[in-house]
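The values are calculated or read from the model by the stated rules, or taken from the named source; none is laboratory data. Quick caveat: nothing in here was measured; it's all calculated off a predicted structure. Here the Cβ is made from the backbone with ideal geometry for all residues, glycine too, and neighbour counts use every protein chain on show. Accessible surface areas use protein heavy atoms only, side chains included; no ligands, DNA or RNA. Shrake-Rupley method; radii C 1.70, N 1.55, O 1.52, S 1.80 Å.
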Amino acid sequence: MKEGILASNEQSRNVHRGLYHYAEGAYIIVDGGIINSIDTLTKDINRLHIAATWRDLISLSVWKEDPKTGDLFVLLKKIGIRTEELLLFKDSDIGDLLPWLYYGKRFEVLRKICRTATVNVENHMSRNDIRVCCHLTSEEPHCIIASSL
C-alpha cells in the first residue's frame, strides 16, 4: 500500500512526520488551498493522510475553501454543540473556537470534526479506492491534537 501525506504547511508536515516517520518524498505541502490540492492530487496512492491546521480542517469539514463562522456553527450544531454555547462566539473568527474546544477538553468534538473532514474528502475524490485519515495539527503545542483514526 502506498501512502501520501498532504500537509497544510511545513509545521504540520513536521508534526506528522515526527509521529509517523514517513519519508520526506511522501509529503505534499498545500499550495493554493487545501480543497484545490486534494482535487489535483495525482499520485498513485491507496491511503491519504491529511495533516491540517484548524482552518484547513474546517474547510474540509464544510467543503468550502474560505469557510465563515456560520459554516462552523452549522457543523458544530450537527455534531451536538448546543446553540447557547455558540452564542458567545457569534462575532468571533473561526480561529477563536479552537482554544475553547481544546482547553475545554472537548476532544470528542474535535475527533468528530476530523471524521467529518475524512468523509467529505473520500466522497469528493475521483477515486473511490483511496482511504483518508485527517489529523488536526496545532501550532502550540506542536502536536496532533485530534485525528479521525
Report every pair of residues separated by at least 6 positions or lying on different chains whose Cβ atoms are under 7 Å apart, first residue within region 46-68 and aromatic (Phe, Trp, Tyr), second open to solvent by less than 40 Å² (accessible area, probe 1.4 Å). TRP54/GLY95; TRP54/LEU98; TRP54/LEU136; TRP63/ILE35; TRP63/ASN120
Need pairs with beta-carbon distance below 6 Å; first residue touching a residue at least 40 places away in the same chain (Cβ under 8 Å) and within region 1-12, second assigned to a strand (DSSP E or B) and among the hydroxyl-bearing types (Ser, Thr, Tyr); sequence gap 6+ or separate chains. ILE5/TYR27; ALA7/TYR27; SER12/THR137
Is it true that ILE94 is at pLDDT below 95, in contact with a strand residue (DSSP E or B) (Cβ under 8 Å, 6 or more places away or on another chain) and of a type in the set (Val, Ile, Thr)? no
Output the residues belonging to region 97-149 that are assigned to a helix (DSSP H, G or I), over 11 Å from the mean Cα position of the chain (by Cα) and over 20 Å from ILE45 (Cβ atoms). LEU97, LEU98, PRO99, TRP100, LEU101, TYR102, TYR103, PHE107, GLU108, VAL109
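What do you reckon, is SER61 within 14 Å of the chain's Cα centre (by Cα) and not basic (Lys, Arg)? Don't jump to the end; show me each part of the working.
On the way: within 14 Å of the chain's Cα centre (by Cα): yes; not basic (Lys, Arg): yes.
In short, yes.
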Within region 85-94, identify whether any single residue is hydrophobic (A, V, I, L, M, F, W, C), open to solvent by less than 30 Å² (accessible area, probe 1.4 Å) and either assigned to a loop (DSSP other than H, G, I, E, B) or in contact (Cβ under 8 Å) with a residue 24 or more places away in the chain (or both), and answer yes or no. yes
Could you tell me whether SER37 is modelled with pLDDT under 90 and either open to solvent by less than 20 Å² (accessible area, probe 1.4 Å) or aromatic (Phe, Trp, Tyr) (or both)? yes
